[in-house]
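The values are calculated or read from the model by the stated rules, or taken from the named source; none is laboratory data. None of these values were measured; they are calculated from a predicted model. We place every Cβ from the backbone using ideal geometry, glycine too, and count neighbours over all the protein chains shown. To get the accessible areas, we keep the full protein, side chains included, count just its heavy atoms, and leave off ligands, DNA and RNA. Shrake-Rupley method; radii C 1.70, N 1.55, O 1.52, S 1.80 Å.
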Amino acid sequence: ATVMEAEVMLQETHTEERAADPNKDPQYKARIFLRGDRHRNVNGKTVQCDEIGLSTDPMNEAELNLLVFIGSTEEDPTVEVGDEESAYCKEPVRGDAVWVRLPKHLQTKAMQKMHDPVVRQVMNLYGSERAGHDYQDGRTRRLEKAGWTRLPGSRSIYYKKIPESSHTLWLGAFVDDMPMCGTKHLVKAEWKNLEKHGFTWKDPPGPKSQL
């Protein structure tokens, strides 16, 4: 078992909208994250990331270009991007037990009477060395349940053949940003299908002209 320290960070959201309209009131969100530089084992020794032996394999630029090129060969093509909401937090922590030391203002009154209170980490949080790896594995499982197949040789590109048609949809994954390419009305319908398998979006997925 190991122990990590948690902190709270306040971030401004929708900064692009504020840049377009400086008179718009800023919006903020609070996020609890774990301090990777304060991850210690039972002996108090700092745990190094490379000791955990985990890796992620997000889509690179060449794969994105390939994805868009293939998708553009479909009839009435489009490229739309979904940004998954609270992505890491949807996946349970796997592997060895991790205990979290909360900041004082998040502790209960009972905890504040304890010498060194900790809570067991159940779901992943940003900052955890396992978060990206566990999210990637969980995302793949959810996509497979939704009918998607991972492209052989890639951990970040998926495809889905549409039954009773010649169409194929293509999906990439850059952490929690997921571009989908293919025939427009099929892409629209597939976002809805993914929502039935646990995917939720920060904003409605839509065309991204920069792609």
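Worth pointing out:
- Taking 187, 175 and ordering them by how much accessible surface each has at a 1.4 Å probe, largest first, produces 175, 187.
- For segment 150-203, the number of Lys pairs separated by eight or more positions or lying on different chains, with C-alpha atoms closer than 18 Å, is 11.
- Here's the list of aspartates and glutamates a cross-link from residue 90 could span, going by alpha-carbon distance under 14 Å and ignoring same-chain residues fewer than 8 apart: 134, 137, 176, 195.
- Stretch gain in nm, segment residue 167-residue 141, where the contour uses 0.36 nm per residue and the Cα spacing is subtracted: 7.1 nm
- Taking 22 Å as the straight-line reach from the Cα of residue 113, the lysines in range (excluding those fewer than 8 positions away in the same chain) are 104.
- Relative contact order of segment 1-42, defined on C-alpha pairs under 8 angstrom at six or more residues apart (%): 58
- Between the residues 154, 167, 108, the greatest Cα displacement towards the positive end of the dipole of segment 103-197, with unit charges on the Cβ of Lys, Arg, Asp and Glu, is found for 108.
- Where labels lie 7 Å past Cα in the beta-carbon direction, separation of residue 119 and residue 195 in nm: 3.0
- For the chain, accessible area per residue (1.4 Å probe, heavy atoms of protein chains only), Å²: 59
- Per-pair calculated FRET efficiency, R0 = 30 Å: residue 60 and residue 7 via Cβ, rounded to 0.05: 0.45
- Computed E for residue 42/residue 111 - FRET, C-beta separation, R0 22 angstrom, nearest 0.05: 0.65
- Contact order normalised by residue count of the chain, Cα under 8 Å, 6+ apart, percent: 27
- Hypothetical label at residue 86: residues of segment 19-37 whose amide nitrogen lies under 15 Å (7 Å Cα-Cβ projection): 29-33
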